[in-house]
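The values are calculated or read from the model by the stated rules, or taken from the named source; none is laboratory data. Fair warning: this is a prediction, and the values are worked out from it, not measured in the lab. All Cβ positions, even for glycine, are placed from backbone atoms using ideal geometry, and neighbour counts span all protein chains on display. Accessible surface areas use protein heavy atoms only, side chains included; no ligands, DNA or RNA. Shrake-Rupley method; radii C 1.70, N 1.55, O 1.52, S 1.80 Å.
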Amino acid sequence: MRIGKPRIGLLIAGLLAAAFVGADEPDGAMLGHTCAGCHGTYGVSEGQAPVIGGMSKSFIRKAMHDYRSGERHSTIMARLARGYSDEEIAAMAGFFADQEWVSADEDLDPKEVKRGKELHTTRGCVGCHGPKGISSSPLTPRLAGQYSEYLEIQMDYYRDPDTAVPSEGIAMRGMLSGMSDEDVAALAAFYASQQ
Amino acid sequence: MSSMNRRQFVKLAGGAVLAVGALPTIGHGKTKARVIVIGGGYGGGTAAKYLRLYDPSLQVTLIEKNKEYISCPLSNEVLAGDRNLDSLTFGYGGLKGHGVDVIHDEVTEIDPEKKTVATGGGRQLEYDFVVVSPGVGYRWGAIEGYNPSAVEAMPHAWEAGEQTLRLRRQIRAMEDGGTVFIVAPPNPFRCPPGPYERAAQISHYLKANKPKSKVIILDPKYAFSKQKLFQQGWEMHYPGMIEWVGGHQDGKVIEVDPKRKLLVTEFEEHKAAVANVIPPQKAGPIAEKTGLTDDSGWCPVDPRSFESTIHSDVHVIGDSCIAGAMPKSGYAANSQAKVLAAAIAAKASGKRLPEPSYVNTCYSLITPDHGISVAAVYSIQDGEISGVEGAGGLSPLEASAEQRKEEALYAHSWYRNVTADIFT
């Protein structure tokens with residue numbers, strides 16, 4: 001009994017410490033599961049809200065910060081992002097980054113996809129977004145396998161000088177402003193077609 | 001398996017694997033706790049699935065009387081003619097795929113002392129935890145003359161299905177120039193923006209087919225959800241067609257005569273061509289019968305676990321529970337179910353309950369291209385579910401046509417995602 005006592009004491013102290021540490025750390029799954037109503041279970045969206053499961057942690061984190069500050073325009077995300085602390089955003093971003101990316105399942109016009117691929121190469125998109133719309137930079141969003149309609153909406157934001165877009169993508173304003181609606185749709189179809 | 005594509009595989013099989021991987025602190029205990037979920041809608045369906053995702057060793061049984069579930073969210077589009085019931089109907093195969101034992105039967109009794117559930121089909125089941133998610137019950141007779149037999153002549157259509165179709169048939173059979181009355185319920189009730197979206201969706205049909213007709217909402221309330229956004233949308237798309245009569249304008253209906261299609265307020269009688277009466281509500285019948293309700297008619301719960309404050313190991317989620325600042329919506333039920341699932345999984349394996357986080361987003365459609373929304377993030381503050389300060393709110397009144405169109409797109413996207421989150 002005498003030998004056991006300090007051990008039990010230590011165990012209790014350890015459990016209390018664990019509980020205390022746990023209380024300070026936001027639970028990524030608890031937070032991330034609240035997003036599924038709009039973004040799908042584990043961020044695998046059924047469309048047209050974007051697929052977010054499998055995106056990089058850095059990008060999701062940055063996007064949430066930009067929504068919260070208003071640096072990035074949205075319909076609803078600013079209202080939701082303002083509900084979370086930096087630590088909570090980091091935990092959610094980690095939760096989604098841990099998931100497997102599952103590409104959008106869309107019927108796309110092969111001709112449009114082909115034209116989009118040409119634009120992607122000739123207009124210089126490939127420089128930042130990579131040959132297939134997957135960048136080597138974790139702060140550049142994955143476009144491959146994303147919903148085409150969502151991508152069109154985002155590109156329209158860049159084309160409209162009055163809409164707030166993230167500063168690191170500001171070069172896209174110039175690149176996209178000279179494009180027609182058809183060009184934007186073709187680009188979106190190309191990215192959506194990639195895996 | 002060979003015919004299954006990668007999307008389906010991740011959703012069905014991979015989900016559970018991912019859940020364990022993503023949750024290092026939960027799911028290690030071989031608890032084998034028995035959980036019975038009563039009601040397979042937005043709340044109960046989500047609870048059954050997420051209990052299994054959080055802890056695959058839990059034995060989860062879902063008891064639901066119907067073989068198929070018909071979604072109430074988006075059912076106003078059936079009234080507009082833009083949607084059929086098939087697109088709102090779901091089976092329970094997806095939940096079975098997650099290892100949920102689905103029983104189609106009606107629960108007649110919950111015994112919180114013996115921890116058993118009895119069914120109309122003669123089953124007697126034991127539980128360690130029971131989750132009650134029965135939706136709403138109706139206060140029959142609160143409006144004199146509005147009893148269960150009145151729904152033929154005056155459908156409430158507040159659960160989607162036969163009544164939705166009946167209401168649609170009545171509207172279609174109505175002559176041009178007739179008036180459709182919507183009797184809105186007092187707070188709290190399921191789907192706070194629902195009656196006002198319904199007015200818009202019915203008007204969407206009338207504008208194209210019976211443009212001389214009107215929609216009048218008789219309402220005991222002095223204000224309603226997303227009021228300015230609705231009134232703006234009504235005027236924009238259906239000018240002069242929709243009239244809202246609030247509690248301050250003698251809008252409270254106290255009596256109905258289903259045969260004569262009469263709606264009686266304190267000072268007036270209204271003759272309706274079509275009457276959609278949405279009655280005052282309370283917790284679902286099984287919650288009331290089990291003694292889970294308080295004087296308000298709804299179920300008080302611990303917001304951290306949704307455990308009843310009246311009976312231990314009985315949990316209530318969705319419309320029937322008192323969930324602080326959260327509205328009685330499908331999204332809220334879906335979000336509450338996940339907090340509940342995490343809490344039961346933790347309890348079953350003797351772990352500390354996680355800190356809850358909840359979200360609600362409610363989209364409403366004024367037209368197929370004009371969506372509006374209200375959203376909030378919730379946490380526990382001072383022991384109650386409260387909105388996180390500075391977050392949430394409504395779509396801007398000054399939104400552009402493009403933004404309204406995007407919100408309509410995301411409204412439909414929400415429906416696909418939330419129903420997949422429950423039933424696949």
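So which of B:LYS67/B:LYS114; B:LYS228/B:LYS252; B:LYS65/B:LYS226; A:LYS62/B:LYS338 end up more than 30 Å apart by C-alpha?
Values: B:LYS67/B:LYS114 28 Å; B:LYS228/B:LYS252 21 Å; B:LYS65/B:LYS226 34 Å; A:LYS62/B:LYS338 26 Å.
Too far apart for the 30 Å limit: B:LYS65/B:LYS226.
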How large is Rg over Rh for chain B, taking Rg from the Cα atoms and Rh as the Kirkwood inverse mean of 1/r across Cα pairs?
0.98
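Tell me, in nm to one decimal, what length is gained between B:ASP101 and B:SER149 on full extension, where the rule is 0.36 nm per residue of separation less the Cα-Cα distance?
Numbers: separation 48, 0.36 × 48 = 17.28 nm, distance 3.45 nm.
My answer for the length gained is 13.8 nm.
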Mind checking the angle between helix A:57-69 and chain A's longest principal axis? C-alpha axes, 0 to 90 degrees, to the nearest 10.
80 degrees
Angle, helix B:42-54 long axis vs. longest principal axis of chain B, Cα atoms, 0 to 90°, nearest 10?
20 degrees
Might you work out the accessible area of B:ARG123 for me, using a 1.4 Å probe with all protein chains in place, and round it to the nearest 10 Å²?
100 Å²
In a Gaussian network model of chain B with springs linking alpha carbons closer than 10 Å, the residue among B:LYS226, B:LYS32, B:LYS49 that fluctuates most is B:LYS32
Label-point separation in nm, B:LYS259 to B:GLU162, each point 7 Å along Cα→Cβ:
2.3 nm
Cβ-placed point charges (K, R +1; D, E -1), dipole of chain A about Cα centre in debye, nearest 20
920 debye
Restricting to Cα atoms and excluding each atom paired with itself, what does the Kirkwood estimate give for the stretch A:26-65 in Å?
10.4 Å
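Given charges of +1 on the Cβ of Lys and Arg and -1 on the Cβ of Asp and Glu, with all other atoms neutral, how large is the dipole of the stretch B:148-277 about its Cα centre, in debye to the nearest 20? Can you show the working numbers first?
Numbers: 18 positive and 15 negative charges, 86 e Å.
For this selection, approximately 420 debye.
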Placing +1 at every Lys and Arg Cβ and -1 at every Asp and Glu Cβ, with all other atoms neutral, what dipole size does the stretch B:32-134 have around its Cα centre, in debye to the nearest 20?
280 debye
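Just add up the charged neighbours of B:GLU268: K/R +1, D/E -1, any other residue whose Cβ is under 13 Å from the Cβ of B:GLU268.
Once all neighbours under 13 Å are counted, the net charge is -2.
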Could you give the angle, 0 to 90 degrees to the nearest 10, between helix B:330-348's Cα long axis and the longest principal axis of the Cα atoms of chain B?
20 degrees
For B:LYS259, give me every one of the lysines with a C-alpha distance below 27 angstrom, ignoring sequence neighbours fewer than eight places off in its own chain.
B:LYS210, B:LYS212, B:LYS214, B:LYS221, B:LYS271, B:LYS282
Under the rule a/c < 1.5 gives rounded, and otherwise a/b versus b/c splits prolate from oblate, where does the protein assembly as shown land using the Cα gyration tensor?
oblate
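May I ask for the Rg/Rh ratio of the stretch B:148-277, computed from Cα atoms with Rh as the Kirkwood radius, given to two decimals? Show your work: numbers first, answer last.
Details: Rg = 13.6 Å, Rh = 14.7 Å.
With Rg and the Kirkwood Rh in hand, the quotient comes to 0.93.
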In terms of Cα to Cα distance under 20 Å, which lysines are near enough to A:LYS114, apart from those fewer than 8 places away along the same chain?
A:LYS132
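Please compute the Kirkwood hydrodynamic radius of the stretch B:330-414 from all pairs of different C-alpha atoms, in Å with one decimal. Kindly include the intermediate steps, with their values, before the conclusion.
Values: mean 1/r = 0.0682 Å⁻¹.
Computed over the stretch B:330-414, the radius equals 14.7 Å.
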B:GLU389 versus A:SER58, label points 7 Å from Cα toward the beta carbon: distance in nm?
3.5 nm
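If we count every other residue with Cβ under 13 angstrom of B:GLY393's Cβ, Lys/Arg +1 and Asp/Glu -1, where does the sum land? Walk me through the intermediate numbers first.
Numbers: positive: A:ARG79, A:ARG82, B:LYS226, B:LYS228; negative: B:GLU389.
Residues close to B:GLY393 contribute a combined charge of +3.
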What nm distance separates the two modelled labels at B:GLN124 and A:VAL126, each placed 7 Å from Cα along Cα→Cβ?
7.4 nm
Once B:LEU353 and B:SER400 are pulled to full extension, the length gained, defined as 0.36 nm per residue separation minus their Cα-Cα distance, is 12.6 nm
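How many percent of DSSP beta bridges within the protein assembly as shown run antiparallel, rounded to 5? List each step's numbers first, then the result.
Working: 37 of 68 bridges.
For the protein assembly as shown, the DSSP antiparallel bridge percentage is about 55.
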What order do B:PHE90, A:PHE95 take when sorted by accessible area (1.4 Å probe), most exposed first?
B:PHE90, A:PHE95
